Amino acid sequence: MDIARVDQIIDKHNSEASSLIQILLDIQSENHWLPKEALERISERLQVPYTRIQHIATFYKAFSLVPKGRHQVHICMGTACHVRGAQRVLDTLQDLTGIKPGETDLDLKYSLETVNCLGCCALGPVIEIDGKIHGEMSPTRTADTLKKYE
Amino acid sequence: MNEILLKIDGREVEAKEGMTILEAAQNAGIYIPTLCHHEKLEPYGACRICTVEAESRGQTRLVAACLYPVEKNLVVRTRSEKVDKIRKMILELLLAHAPDSRGLQDLVEEYGADKDRFEKEASFCVHCGLCVRYCAEVKKKFAVGFVNRGARREISFVPEIASKECWNCKECFPLCPTEALQAAYVYTEALISSLPRLGRQML
């Protein structure tokens, strides 16, 4: 993400310090992570101390200060999914992507994250890729689903 | 300014409107222990060691003396069984983070806190925020701030600012109730991480 695009987003919010979190969210959703250069630029333009931005960016789980993969894979480890075999699905995901929960692979293709409930327990075990829910996962179906995301 | 009369530990104390219980007590020479309080800084209410019993309109509540504004006919008790018990608990929790901090030792003796009560997780930081607030409010440099949250919250220096400003200041070090160990360590860490960047600039 280049600085010009960061400037555009800041301009969209009229460079107001009160829009700080919204600006961070916009950059996060476009770029999937918050590069240091972007945060420094925001600090400069909004006249907000860098420590404050750092505090906010590390406080909320929605923000990431390290690069994330192109596809965000969330696997539900909630009770319903757990009893229906979420652990086996997680094992399959780890084998296929080569990463553990909370990590991103070297090609920046996938980021894997465990979550505790996605709110559709009847579909369990559930995984969510880029916001799309895939229900009734088995190890084989997980492999097939993952293939669709390049 | 309106004068307000209140009672602290049975003594009639006069205070101005807008003052906190702590300020009123200090003016009257009554001691309330504090860790995160500093006269140059805004009240923060982080350490809760200044907890006192405040009675108004027949209700008794536990409040932080450094934040609670004085009101008419307020009755404050700075030492009571309840207050002592809570201060002891707070101390024991803080001791899990900073077991041998000399700043806490007097209080430990006073309240009979057991430093081994909780499993130690020595981070040497009790999150009083003195260094962070001093840098922001007095020095206006914003070189040090908090990162992360909850159990993983810690202080962090911004390398770019710290390498320029901190060496000649270091005024936040002596403020630390756990003896600046953590601030000094984190500061050194930030300096080291800024070295390659500075090297690049020189080239």
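The values are calculated or read from the model by the stated rules, or taken from the named source; none is laboratory data. The model shown is predicted, which means the values in this text are computed figures rather than measured ones. Counting neighbours? That spans all protein chains shown, and the Cβs are built from the backbone with ideal geometry, glycine included. Surface areas here come from the heavy atoms of the whole protein model, side chains and all, with no ligands, DNA or RNA. Shrake-Rupley method; radii C 1.70, N 1.55, O 1.52, S 1.80 Å.
From the Kirkwood radius over Cα pairs of segment A:1-129, Stokes-Einstein at 4 °C and 1.567 mPa s returns a whole-number translational diffusion coefficient of 80 µm²/s.
Taking Cα atoms only, the orientation of helix B:81-97 departs from the longest principal axis of chain B by about 10 degrees. Of B:K115/B:K141; A:K12/A:K147; A:K36/B:K164; A:K36/B:K140; A:K61/A:K109, which ones are farther than 27 Å apart at the Cα? Table pairs above 27 Å Cα-Cα are B:K115/B:K141; A:K12/A:K147. Selection among B:Y31, B:L62, B:A46 by position relative to the dipole of chain B gives B:A46 as farthest towards the positive end (Cβ unit charges, Cα centre). Using equal-weight Cα scatterers in the Debye expression, the normalised intensity of segment A:71-147 in log10 at q = 0.13 Å⁻¹ is -0.31. Would you list, by chain and number, the lysines whose Cα falls below 22 Å from the Cα of B:K120, excluding same-chain residues fewer than 8 positions away? Those lysines meeting the cut-off are B:K85, B:K88. For segment A:139-149, backbone phi angles converted through the Karplus equation (6.51, -1.76, 1.60; θ = phi - 60°) give residue-by-residue couplings of x, 5, 5, 4, 4, 4, 5, 4, 4, 6, 9 Hz, Gly and Pro being listed as x.
For chain A, taking a cut-off of 4.7 Å between Cβ atoms, the unpaired cysteines are A:C117, A:C120, A:C121.
Tell me, what % of the accessible area of chain B is carbon and sulfur with a 1.4 angstrom probe?
50
For chain B, the per residue solvent-accessible surface stands at 57 Å², with DNA, RNA and ligands left out and a 1.4 Å probe.
B plus A alone minus the pair: what accessible area, both sides summed, probe 1.4 Å, in Å² to 100?
About 1000 Å² of accessible surface is lost on pairing.
Each Cα pair under 8 Å and six or more residues apart adds its separation to the average, and for chain A the resulting relative contact order is 20 percent.
Each listed q (0.06, 0.08, 0.11, 0.15 Å⁻¹) maps to a log10 I(q)/I(0) for the protein assembly as shown from the Debye sum over equal C-alpha point scatterers, namely -0.34, -0.60, -0.97, -1.20.
Rolling a 1.4 Å probe over the protein heavy atoms leaves B:C47 with an accessible area of roughly 20 Å². The Kirkwood radius of segment B:3-79, taken over pairs of alpha-carbon atoms, gives through the Stokes-Einstein law at 20 °C and 1.002 mPa s a diffusion coefficient of 176 µm² s⁻¹. Considered as an equivalent ellipsoid built on the Cα gyration tensor, segment A:3-59 has semi-axes of 14, 13, 10 Å, the largest given first. Between helix A:20-31 and chain A there is an angle of about 50 degrees, using the helix long axis and the longest principal axis of the Cα atoms. For chain B, the relative contact order works out to 16 percent when only alpha carbon pairs closer than 8 Å and six or more residues apart are counted. Here's the picture: charge each Lys and Arg Cβ at +1 and each Asp and Glu Cβ at -1 in segment A:3-59, and of A:P49, A:L20, A:P35 the one pushed furthest to the positive end of that dipole is A:P49.
Distances between placed amide hydrogens fall under 5 Å for B:F142 paired with B:A136, all partners being 5 or more residues away or on another chain.
Of the heavy-atom accessible surface of chain A (probe 1.4 angstrom), what whole percent is carbon and sulfur? The nonpolar share, carbon plus sulfur, comes to 51 percent.
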